[in-house]
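Here the structure is laid out as structure tokens; the discussion comes afterwards.
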Amino acid sequence: MGIVSKQALNNTIITYLGFGVAAINTLFLYTNFLSDAYYGLVTVILSTSAVLMPLLAFGVPNTFIKFYSSFKKEGSKEAFETLMLLLPLLLVLPLALVTYVCTDAIGSFIAKENGIVKDYVWYIFLIGMAMAYFEVFYAWAKVQMKSVFGNFMKEVFNRVGVMILLFLVNFDVISVDFFLKALVGLYLLRTVIMKIYAYGLKMPKLNFDFPANTWAIIGYSALIILGGSAAVIILEIDKVMINQYKVIENVAYYGVAIYIATTIIVPSRAMHQITYPLTAELLNDKDHDGLESLYKKSSLTLLIASGILFVLIITNLNDLFLILPEEYRDGFIIVFLIGLAKVYDSVLGNNNAIMYNSDYYKTLLVMGVFLAVLVIVLNMFFIPAYGLNGAALASFIAISIYNTIKLFYVRAKFNIMPFSLETLKVFVVLLVMGGVFYMVSLPFHPIINIGLKSVVTIVFYVGILYRFKISEDVHRLLTKYIKK
């Protein structure tokens, strides 16, 4: 796990930095510098673009990583790389034409409840396209085992740019309309910078003598579109659908609560940057023991990290809400349900990488599509009936079903499970600490309360992990820093 630990640590630092900037933007700048309606509009634009992104990428980011290590000769690699660069255009160009011809019709559909959204159809397409090709160039860097810069561009670059733009809006240097245009520009600029970096690692040499298994590669990519779209729909469709049923301000309120919960996946996002290509390599080499070891270690490490984040969030949530504008404070159930779903995501370790890089990906993709449809149907019933809490409940049910299917599918096909006795130990520790510290109420300013409670919680948690050596990897890391 040497290469995993080194790059995962760097990625974790960068990802936390990105989420720190995003926290300032989401919890304080957006909520105070933009009206609730415009904040909701930004959320709708970005969420809809995220739903569109897997379609425009044509599954290439996953396909690139899965097949790259199987091409050993330089000429065949160049032909494969050329195919990966061109493949997204099969959908980008037709969808650009559809957007041009049907702009008014698309705008009327997405503006059914909120007319403000109608004029931003092209913004959605351009950001979705930029997201798609960013992931293609990021995958280009990942297969060279260089994930840190791409992670910085993904997690930090746009968020710092948005922070600057929000301050400019607040001081009346730019208008909100210019802010929205600049937001599109940020995503396009990020993609260009990522392209330059990726080509700096390995300059492409166009070779149109495509690989012999080109149709198999294209077939895999087409199926990955379904899987990627299903996964993104499960994560993002709730915000898109709230726009269809509720006034747009509710999208902003929901988005803040969702952001608080999604900080739980920071360690997972950081570690997956490097475990994904490693998993592909282990599967290509048919190294079952190495695969099982990576599965268990990644699961335990991510449970340790995501679990304590969930505890810190829930035990400090009431104080955190006191810092926010009053309209954003009614989100405890949303944070709790989505937070639990994110912990479940994390505890599966590199399960996704195993599924998407194995020969059994087709079945999972079909299941993913079914569950994407399920979450849409659940939202159609739960949002009108229960409002924003209903959207969170729909996502929680769908994610839980999806993860459970993946867990047992990997067990059935590879005879491996991510859990161990150590998993149970960590779960018990987290449950006890969460129950105890949730009952603790301090009388100081909310920020002081959050700081004190968090420090005490982390000290207890780290002490338990170190004393009882629950995880070898975590104990080794703690020993290293304690010695320093």
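The values are calculated or read from the model by the stated rules, or taken from the named source; none is laboratory data. The structure displayed is predicted, hence computed values, not measured ones. Note that each Cβ is placed from the backbone with ideal geometry, even for glycine, and that neighbours are counted across all protein chains shown. Note: areas computed on protein heavy atoms with side chains; ligands, DNA, RNA excluded. Shrake-Rupley method; radii C 1.70, N 1.55, O 1.52, S 1.80 Å.
Quick one: which of Lys413, Lys453 is charged (D, E, K, R) and within 29 Å of Val366 (Cβ to Cβ)?
Values: Lys453 fails: within 29 Å of Val366 (Cβ to Cβ).
Lys413 is the lone residue from the list that is charged (D, E, K, R) and within 29 Å of Val366 (Cβ to Cβ).
Report every pair of residues separated by at least 6 positions or lying on different chains whose Cβ atoms are under 6 Å apart, first residue within the range 306-324 and in a helix (DSSP H, G or I), second open to solvent by less than 30 Å² (accessible area, probe 1.4 Å) and aromatic (Phe, Trp, Tyr).
Ile308/Tyr461; Thr315/Phe437
State yes or no: is Met129 within 28 Å of Glu81 (Cβ to Cβ), open to solvent by less than 30 Å² (accessible area, probe 1.4 Å), of a type in the set (A, V, I, L, M, F, W, C) and out of contact with any strand residue (DSSP E or B) (no Cβ under 8 Å at 6 or more places or on another chain)? First the steps, then the outcome.
Numbers: within 28 Å of Glu81 (Cβ to Cβ): yes; open to solvent by less than 30 Å² (accessible area, probe 1.4 Å): no; of a type in the set (A, V, I, L, M, F, W, C): yes; out of contact with any strand residue (DSSP E or B) (no Cβ under 8 Å at 6 or more places or on another chain): yes.
Judged against the criteria, Met129 is not a match.
I'm checking my understanding of the structure. Among residues of the range 269-291 that are out of contact with any helix residue (DSSP H, G or I) (no Cβ under 8 Å at 6 or more places or on another chain) and in a helix (DSSP H, G or I), which one is nearest to Thr26 (Cα to Cα)?
So, considering only residues that are out of contact with any helix residue (DSSP H, G or I) (no Cβ under 8 Å at 6 or more places or on another chain) and in a helix (DSSP H, G or I), the one nearest to Thr26 (Cα to Cα) is Glu281.
How many residues does the range 192-233 hold that are of a type outside the set (A, V, I, L, M, F, W, C), under 21 Å from Phe80 (Cβ atoms) and in a helix (DSSP H, G or I)?
Residues of the range 192-233 that are of a type outside the set (A, V, I, L, M, F, W, C), as a first pass: 195, 197, 199-200, 202, 204-205, 207, 209, 211, 213-214, 219-221, 227-229.
Restricting the remaining residues to those that are under 21 Å from Phe80 (Cβ atoms) gives 195, 197, 199-200, 202, 204-205, 207, 209, 211, 213-214, 219-221, 227-228.
If we keep only those that are in a helix (DSSP H, G or I) too, we end up with 195, 197, 199-200, 214, 219-221, 227-228.
The qualifying residues number 10.
Determine if the range 319-342 includes at least one residue that is within 30 Å of Glu292 (Cβ to Cβ) and open to solvent by 30 Å² or more (accessible area, probe 1.4 Å).
yes
Here are Ala252, Ala216, Ala257: which of them is among the small types (Gly, Ala, Ser) and within 30 Å of Lys362 (Cα to Cα)?
Ala216
Contact list please: Cβ distance under 6 Å, first residue in the range 133-158 and under 14 Å from Glu81 (Cβ atoms) and open to solvent by less than 30 Å² (accessible area, probe 1.4 Å), second residue among the aromatic types (Phe, Trp, Tyr) and modelled with pLDDT under 90, pairs at least six apart or on different chains.
Matching pairs, first to second residue: Ala139/Phe64; Val143/Tyr68.
Please work out if Lys296 is open to solvent by 30 Å² or more (accessible area, probe 1.4 Å), touching a residue at least 12 places away in the same chain (Cβ under 8 Å) and farther than 30 Å from Ile116 by Cα.
Values: open to solvent by 30 Å² or more (accessible area, probe 1.4 Å): yes; touching a residue at least 12 places away in the same chain (Cβ under 8 Å): yes; farther than 30 Å from Ile116 by Cα: yes.
Judged against the criteria, Lys296 is a match.
Return yes when Ile225 is within 30 Å of Ala392 (Cα to Cα) and in contact with a Gly (Cβ under 8 Å, 6 or more places away or on another chain) and no when it is not. Step through it out loud before you land on a result.
Working: within 30 Å of Ala392 (Cα to Cα): yes; in contact with a Gly (Cβ under 8 Å, 6 or more places away or on another chain): yes.
Considered against the rule, which asks whether it is within 30 Å of Ala392 (Cα to Cα) and in contact with a Gly (Cβ under 8 Å, 6 or more places away or on another chain), Ile225 comes out as yes.
Wholly within the range 343-445, which helices (runs of 4 or more DSSP H) include no fewer than the required count, namely at least 1 residues that are hydrophobic (A, V, I, L, M, F, W, C) and surrounded by fewer than 18 Cβ atoms within 10 Å (Cβ to Cβ)?
On the way: elements: 351-356, 361-414, 421-439.
Helices (runs of 4 or more DSSP H) meeting the threshold: 361-414, 421-439.
Considering every residue within the range 426-436, establish whether at least one is over 15 Å from Thr315 (Cα atoms) and touching a residue at least 12 places away in the same chain (Cβ under 8 Å).
In the first step, residues of the range 426-436 are kept if they are over 15 Å from Thr315 (Cα atoms); the result is 426-428.
Among the residues that remain, those that are also touching a residue at least 12 places away in the same chain (Cβ under 8 Å) are: 426-427.
Yes, the range 426-436 contains a residue that is over 15 Å from Thr315 (Cα atoms) and touching a residue at least 12 places away in the same chain (Cβ under 8 Å).
Any idea which of (1) modelled with pLDDT under 90; (2) over 20 Å from the mean Cα position of the chain (by Cα); (3) not acidic (Asp, Glu) is the one Leu180 doesn't satisfy?
(1)
Tell me which residues, restricted to the range 446-471, are free of Cβ contacts under 8 Å to residues at least 12 places away in the same chain, part of a helix (DSSP H, G or I), of a type outside the set (A, V, I, L, M, F, W, C) and surrounded by 13 or more Cβ atoms within 10 Å (Cβ to Cβ). Reasoning before the result, please.
From the range 446-471, those free of Cβ contacts under 8 Å to residues at least 12 places away in the same chain are 448, 451-452, 455, 459, 463, 467, 469; that's our starting set.
Narrowing further to those that are part of a helix (DSSP H, G or I): 448, 451-452, 455, 459, 463, 467.
So of that shortlist, the ones also of a type outside the set (A, V, I, L, M, F, W, C) come out as 451, 463, 467.
Selection gives Gly451 alone.
If we only count helices (runs of 4 or more DSSP H) wholly inside the range 75-147, which ones have 3 or more residues that are small (Gly, Ala, Ser)? Break it down into steps so the answer makes sense when it comes.
Values: elements: 89-101, 103-110, 121-142.
Hits in the range 75-147: 103-110, 121-142.
Do you know which of the residues in the range 83-119 that are open to solvent by less than 70 Å² (accessible area, probe 1.4 Å) and in contact with a Lys or Arg (Cβ under 8 Å, 6 or more places away or on another chain) is farthest from Val42 (Cα to Cα)?
So, considering only residues that are open to solvent by less than 70 Å² (accessible area, probe 1.4 Å) and in contact with a Lys or Arg (Cβ under 8 Å, 6 or more places away or on another chain), the one farthest from Val42 (Cα to Cα) is Ser108.
Looking at (1) out of contact with any helix residue (DSSP H, G or I) (no Cβ under 6 Å at 6 or more places or on another chain); (2) at negative phi, which one does Glu422 not meet, given that it meets all the others?
All conditions are met except number (1).
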